[in-house]
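Okay, structure first, notes after.
The values are calculated or read from the model by the stated rules, or taken from the named source; none is laboratory data. Because the structure is a prediction, the values reported are computed rather than measured. So basically every Cβ, Gly included, is an ideal-geometry build from the backbone, and we count neighbours across all protein chains shown.
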Amino acid sequence: MKLVSYKTEEQEHLGVFVNGHIYNLHSCDKLIPDNMRDFLFEGEELMEHAKRVNEDIRAGRLQAREEFFYEITAPVAHPTSCRDAYAFRQHVETSRRNRKVPMIPQFDQYPVFYFTNHNAIQGPGDIECMPDHFEKLDFELEVAVVLNKKGRNITAAEADSYIAGFMIMNDMSARTLQMEEMLLNLGPAKGKDFSTVIGPWLVTPDELEQYRVPPKDGHTGNAYNLKMKCWVNGIEVSKGSMADMEWTFAEIIERCAYGCDVLPGDVIGSGTVGTGCFLELNGTGLLNDANYKAQWLQPGDIVEMEVTGLGVLSNTIIKAKSNFSILNLKKGTEVLES
């Protein structure tokens, strides 16, 4: 089942995407809330209601109301939190090699994640960026899950049952801001907090069963062979597979939930697939050729991401009508006398 959030006349709604059409779930079953946030908090019972509606529409048993005039938004437009993990070994190894530092052994010991701005979630459409964001503006090709059960101290063996569905995720990154502040061993923060894109819809795990594969040796949880690709202005720049995740979402959720509650509506990203950002691609290019011309996102660029079974997420980069720069607010570099 593909769940979609959309707006009509600025009112948010929850729908199901069937055969290229959107149908309002609440109009089909009054027990189903008309927004994704409330729906996720109701957990598995209402998920089963929605699946029955979906199957009835597919089979022609239900004459549902089709939406014709709407704006698709992020599937989970108001997450309770947003974390991003670091699950693809190739991305980590390549990025570290490009910086001429060795692979860090802790990567193989436990999954890690950071919190990003859950109030900066966007869906398909325009991404407005400030001047400082265009100082090495980057995409990051990822997959994300959203939870629909509350839990604490969840084991990896049970964690997959907390996943409501999967989405494409573009973890937008302003690399100059990111790299400057991380010199202080804190972050990422300002380099990440302006936009995280998810969409176009939320796909329930049953739809991906045909793509399920064993996890990496020594790991626990479901893994999926979903092809991942990204184009910028129609040119393919990235490709990989979700099957290359070293850490499963189940293992990531286990760590997220240790000693604290995870909640319905929590969004968790996979981290960047290998080749899945310009930072990695530029680093590799410059390592192999000193004359390599680095590429970063520019105003007007169209970023399209496709993941098997999860659809296509398309965004256009636009420039804000402002010249305000926090990079220009930096103080001098004098060393203070102790």
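Here are the numbers for this structure:
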quantity	calculated
Top-ranked residue in the range 43-54 [being at pLDDT 95 or above and not aliphatic (A, V, I, L, M); ranked as surrounded by the fewest Cβ atoms within 10 Å (Cβ to Cβ)]	48
Selection within the range 227-239 - at negative phi and surrounded by fewer than 23 Cβ atoms within 10 Å (Cβ to Cβ)	227, 229, 231, 232, 235, 236, 237, 238, 239
Filter pass, residue 250 being over 30 Å from residue 23 (Cα atoms) and surrounded by fewer than 18 Cβ atoms within 10 Å (Cβ to Cβ)	no
Complete set of residues in the range 108-140 that are within 22 Å of residue 181 (Cβ to Cβ) and of a type in the set (Phe, Trp, Tyr)	113, 114, 115, 134, 139
The listed residue being assigned by TED's automatic domain parsing to the domain that holds residue 131 and either over 30 Å from residue 16 (Cβ atoms) or at pLDDT below 95 (or both), out of 310, 279	279
Boolean, residue 272 is assigned to a loop (DSSP other than H, G, I, E, B) and assigned by TED's automatic domain parsing to the domain that holds residue 139	yes
Residues that are in contact (Cβ under 8 Å) with a residue 24 or more places away in the chain and buried (at least 17 other Cβ atoms within 10 Å of the Cβ), drawn from the range 17-32	17, 18, 22, 23, 24, 25, 28
Pair list, Cβ under 9 Å, 6 or more apart: the range 33-55 residue in a loop (DSSP other than H, G, I, E, B), other residue surrounded by fewer than 14 Cβ atoms within 10 Å (Cβ to Cβ)	34/11; 42/31
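Residue-by-condition table, conditions (1) surrounded by 15 or more Cβ atoms within 10 Å (Cβ to Cβ); (2) hydrophobic (A, V, I, L, M, F, W, C); (3) part of a loop (DSSP other than H, G, I, E, B); (4) in the same structural domain as residue 314 (by TED's automatic domain parsing):
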{"position": "64", "(1), (2), (3), (4)": "yes, yes, yes, no"}
{"position": "97", "(1), (2), (3), (4)": "yes, no, no, yes"}
{"position": "100", "(1), (2), (3), (4)": "no, no, yes, yes"}
{"position": "107", "(1), (2), (3), (4)": "yes, yes, no, yes"}
